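Below you'll find the structure, written out as structure tokens, and then a few comments.
The values are calculated or read from the model by the stated rules, or taken from the named source; none is laboratory data. Fair warning: this is a prediction, and the values are worked out from it, not measured in the lab. Methodologically, a virtual Cβ is constructed for each residue, glycine included, from the backbone with ideal geometry; neighbour enumeration extends over all protein chains shown. Keep in mind that these areas ignore ligands, DNA and RNA; they rest on the heavy atoms of the full protein, side chains included. Shrake-Rupley method; radii C 1.70, N 1.55, O 1.52, S 1.80 Å.
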Amino acid sequence: MKHHPAYVMPQEDSCSASSFRLRALDLLRGLNLLSMIAYHAAYDLVYLYGMDLPGYQGLPGYLWQQSICWLFIFLSGFCFCLGRFHGGRRIRRGLLLSACGLVITAVTLLVMPQSRVIMGVLSFFGLAVLITIPLYPLFCRLLASAGLAVCLLLFFCTRDVSSGYLGFESLRLCALPKLLYQGVLPMILGFPWPGFFSTDYFPLLPWIFLFWSGFFTFRLLSGKRGVRKWPELFTRRLCAPLEFIGRHTLPIYMLHQPALMALFQLARIAGLL
């Protein structure tokens, strides 16, 4: 399985409370989204146009890739807690993200099956939101520090279930039964069938635990004081253009790859590629 770094944290309107925003989170998401676009551009240049970018296919590129998806997924869980909880609104959001994920799957299967996206990051975000909604009351009753510790432990233990074992990177705790790796539902959970291929694969395991780690981190930091007591640094305007990008990650995500492809095609026509 090859992982295409199509990472985004598409809950751009969920980092607001009733009367203010934690603008520092918008800034982080804006910066990370620009990093994602740059990584996608590098991916296209290397794999579609044959360019040699030093370090991209080695450890530096891998760390760059992981930093993008880890931060976006963590921040998405963090921002789930912000604002007043409206189950209907979040259900609509989860369904929208899931629908966008299915659109990307359909388009890639029809137009470029060699780069198909199955259970991509938007599909993950949609399911993560929908699964967290009914668990929200329970999670709010749990001790935040305990919830965070358990979720981080489970994330690291299940980090490589898609490769057939429990563990993290080169640390292999135990192999998993091959019978788990059959069918569509196991693939969504994190157990892809033999020969499965997706350039952007984000199953529920392990990523749901990183999403929930963000959820419990917010609760741990806000405590009983609520978000209104956050330091001014988190709420004051820091960089309006980046904050704007951070508030509109979903449409930018949906449009950035076609825009990159058009730009590179123009560059090729002009003899620059």
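Yes or no, residue by residue, for (1) farther than 30 Å from Met261 by Cα; (2) at pLDDT below 95; (3) surrounded by 14 or more Cβ atoms within 10 Å (Cβ to Cβ):
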site	(1), (2), (3)
Arg141	yes, yes, no
Leu148	yes, no, yes
Met187	no, no, yes
Leu205	yes, no, yes
For Phe191, are the conditions met, namely being of a type outside the set (Val, Ile, Thr), more than 19 Å from Gly77 (Cα to Cα), open to solvent by less than 40 Å² (accessible area, probe 1.4 Å) and in a loop (DSSP other than H, G, I, E, B)?
yes
Considering only the range 176-185, state which residues are open to solvent by less than 100 Å² (accessible area, probe 1.4 Å) and not in a loop (DSSP other than H, G, I, E, B).
Leu180, Val184
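So, Leu173, is that one surrounded by fewer than 19 Cβ atoms within 10 Å (Cβ to Cβ), more than 28 Å from His248 (Cβ to Cβ), without any contact (Cβ under 8 Å) to a residue 40 or more places away in the chain and in contact with a Gly (Cβ under 8 Å, 6 or more places away or on another chain) or not?
Yes; evaluated as a whole, the condition is true for this residue.
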Return only the number of the condition from (1) more than 22 Å from Trp193 (Cα to Cα); (2) within 15 Å of the chain's Cα centre (by Cα); (3) not in a helix (DSSP H, G or I) that Ile118 does not satisfy.
(1)
